[in-house]
1. Any chance you could count how many residues in the range 47-74 are exposed (fewer than 14 other Cβ atoms within 10 Å of the Cβ) and in a helix (DSSP H, G or I)?
2. Condition test on ALA30, is it of a type in the set (Gly, Ala, Ser), in a strand (DSSP E or B), over 22 Å from GLY173 (Cα atoms) and touching a helix residue (DSSP H, G or I) at 6+ places or on another chain (Cβ under 8 Å)?
3. Scan the range 75-87 and give yes if some residue there is surrounded by 23 or more Cβ atoms within 10 Å (Cβ to Cβ) and at pLDDT below 95, otherwise no.
4. Tally time: how many residues in the range 215-236 are modelled with pLDDT of 95 or more, surrounded by fewer than 17 Cβ atoms within 10 Å (Cβ to Cβ) and assigned to a helix (DSSP H, G or I)?
5. Counting only residues that are closer than 23 Å to ILE380 by Cβ and aliphatic (A, V, I, L, M), which one in the range 144-172 is surrounded by the most Cβ atoms within 10 Å (Cβ to Cβ)?
6. Does the range 76-89 contain at least one residue that is over 18 Å from the mean Cα position of the chain (by Cα) and part of a strand (DSSP E or B)?
7. Residues that are in contact with a strand residue (DSSP E or B) (Cβ under 6 Å, 6 or more places away or on another chain) and in contact (Cβ under 8 Å) with a residue 12 or more places away in the chain: list the helices (runs of 4 or more DSSP H) wholly contained in the range 247-329 that include at least 2 such residues.
Amino acid sequence: MSSNPSNRRIPGLPEQGPWHVLGLMSGTSADGVDAALVEIDPHGFQGDLPFRALLAHHQEPYPADLRDAVMEAAADRLKPSEITVLQRRLGDHHAHAAGRLVKESGCVPHMASLHGQTIQHHPQHGATLQLADPYVLSETLHCPVVFDLRRMDMALGGQGAPLVTLTELWLRGRAEPWAALNLGGIANITVWDGAYLRAWDVGPGMSLLDLAAEKWLGIPFDPEGVHASGHVDGALLARWVTHVFFSAAPPKSTGREIFGSAWLQSESASLESLPLPDRLATLAAFTAQSVATELRRLDPLPKGLRGLASGGGARHLRLRQELAARLPELSFEDDHQFPNGAREAVSWALLGAASACGVAGNVPEVTGASRAAVLGAWVIP
């Protein structure tokens, strides 16, 4: 596919580059917005080297009432009228985060790439929904905005996820084998073995642990997992890993519809029979076992594979301990390429720039789509 940015005729983008692209990501952890301003070479996609620099990064947490509304929507407990208003509220919040980053950095973006907040994801029905009004963002920044990047892949029969497969390759290159584990609300893995690129969702990341922290500790998350100090209940763990998600082969993706509040509610009686430290330790072990179980699909693991962990779960000490115990042959080191929270926003900036260049952003072998496709719809001011 061509990497010529003039192919899409997006106004306001310098033909020769570089481009300043603002990526906005709201993950399944639903804790707020990460905004990253990235310098991108639009002609670099052809050689898998479009990324030039991270210029600025800003995190804008959701206020408590907005996060509560997002979680209610994810749990399928909002009326259509309330979801309609939530769309605008999230648009305002994203626009505020973007405007603040631009003001603090003094750098004006040529375009923005908006993920939005996922409230429902149903790949078995070819459907997904991310909220945040792109028109509000475009009016705030006075630049083109690309949004809704998942649904083209789903229209082609894909899962709409994971879409960071190519961005991981564009950021890490092909020089050595690597496995990039993102422990966000949902955990996903991208693996370059030196010949093939693979990626898929592997199960719950921090979604269940964060819900448990809110339910039993009264806090949005357990900082560094300090409360997950108990013993793992082996019987519960053995039952949980028989979930049908783990028997399905990739391509596959998941979300809070499976590993969210309904799941935790269904298991609350079993968990509440345990001391609180044991509950949290068992949930941490479940995330770790999910990762290990899914990575066993690659046995034997490629020689010289470098493991890199990012996302909020990378800071959860008990989760990391459980992961090391279950996957001793692959040591995951902390990914320090970007500040905490910035990586997925950088990835979304890259996907948005790819769309502007007419470059496909999905990998059919990963998502299950019938073909590679240019992703996203545009708002042109």
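1. 4
2. No; evaluated as a whole, the condition is false for this residue.
3. No, because not a single residue in the range 75-87 is surrounded by 23 or more Cβ atoms within 10 Å (Cβ to Cβ) and at pLDDT below 95.
4. So the count comes out to 4.
5. Only one residue tops the list, namely VAL145.
6. No, the range 76-89 contains no residue that is over 18 Å from the mean Cα position of the chain (by Cα) and part of a strand (DSSP E or B).
7. The qualifying helices (runs of 4 or more DSSP H) are 276-295.
Residue-wise test of (1) closer than 23 Å to GLY358 by Cα; (2) β-branched (Val, Ile, Thr); (3) under 18 Å from the mean Cα position of the chain (by Cα); (4) at pLDDT 95 or above.
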{"position": "LEU13", "(1), (2), (3), (4)": "yes, no, no, no"}
{"position": "GLY17", "(1), (2), (3), (4)": "yes, no, no, no"}
{"position": "SER26", "(1), (2), (3), (4)": "no, no, yes, no"}
{"position": "ASP31", "(1), (2), (3), (4)": "no, no, yes, no"}
{"position": "HIS43", "(1), (2), (3), (4)": "yes, no, no, no"}
{"position": "GLN46", "(1), (2), (3), (4)": "yes, no, no, no"}
{"position": "ALA53", "(1), (2), (3), (4)": "yes, no, no, yes"}
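The values are calculated or read from the model by the stated rules, or taken from the named source; none is laboratory data. All of these numbers come straight from a predicted model, not from anything done at the bench. In this analysis, Cβ positions are derived from the backbone assuming ideal geometry, glycine residues included, and neighbour counts consider all displayed protein chains.
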